[in-house]
Amino acid sequence: MGAMPEEIEDVVALLSNPVTKIIGMRRYTYGTINGVKTVVVFSRWGKVAASATAATLVNVFNITELIFTGVAGGISPELKIGDIVIGTKLIQHDIDARPLMQQFEVPLLGKTYFDAPTIQLNKAQKAVTTLIDESGIHKVINTTTLSKFDISTPTLHTGIIASGDTFFASNTNKQALLKKLPEVLCVEMEGAAVAQVCYEYNIPFTVIRTISDTADDKSVTDFPEFIANVASKYTFSIITSL
Ligand code: ADE
């Protein structure tokens, strides 16, 4: 699953004998990749869109595992554009039912974080490490098309990803999130929603994000440029490495 059409196009092209089905305004394309039955879908943006799509994947396509790849805004100062983050824990930074329950707690589940399963985490970590160290993702990506991003030394980070229905494009909002959740590595708009649906249906999931911008005043220009020139190449490289 991906949240931008540009990010999934090349993965759709990998499917053997692809068949398309439209359900609830989403286009699901299914076939096989290296013999593995696979469905590829563009979820659209935000937690509701991602949850609805994840529920359809579970209930209509009977998936046994879900992989979300896409971009995110860097929150930790250690992250730079082009780095890759694998989510160990996913949190919804905009859930707040205080004083009825703790801030960030998902009502009725009594959970704040959704943990990625260890098997999927290890597999993703190994694949992305190989991609960075041996294949050199920066070499796979044609650097001549990149106007301003220096992705010559991408780093893999594993840690907390925060999701919510907000695009972070100001230093003020970024600092406010860092103050609320100092351990968060990056922010996006779908991962924790998908993780919640997967938790509810007991489906193993992985969320892998490439840093497209630093979730601040520069995001308004960096994000569209990264999407236009770089994002799909990352997604393709990551998916084929798994
Ligand atoms: N995905 C990529 N960049 C983002 C940002 N700055 N805020 C929210 N989601 C994002």
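Every number in this text was worked out from the coordinates using simple rules, so none of it is lab data. Remember, predicted model here, so these are calculated numbers, not experimental data. Glycine gets a Cβ as well: all are built from the backbone with ideal geometry, and neighbour counts include every protein chain shown.
Summary of computed values
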read-out	value
Ascending count of other beta-carbon atoms within 10 Å, so fewest first, for 95, 211, 22	22, 95, 211
Counted charge near residue 103, where neighbours are those whose Cβ lies closer than 12 Å (Asp, Glu -1; Lys, Arg +1)	-1
Mean Cα-pair separation over length for the stretch 65-241, i.e. relative contact order, pairs under 8 Å, 6 or more apart, %	41 percent
Total formal charge among the other residues, if their Cβ is under 15 angstrom from that of residue 194, Lys/Arg +1 and Asp/Glu -1	-1
Cβ-defined net charge surrounding residue 209, 14 Å radius [Lys, Arg +1; Asp, Glu -1]	-3
DSSP-defined beta bridges in the chain - what % are antiparallel, rounded to 5	50 percent
MRE, 222 nm, helices only [DSSP H, n ≥ 4, -39500 (n - 2.57), over the chain, to nearest 500]	-9000 deg cm²/dmol
Computed over the chain, the ratio Rg/Rh where both radii use C-alpha atoms and Rh is Kirkwood	0.95
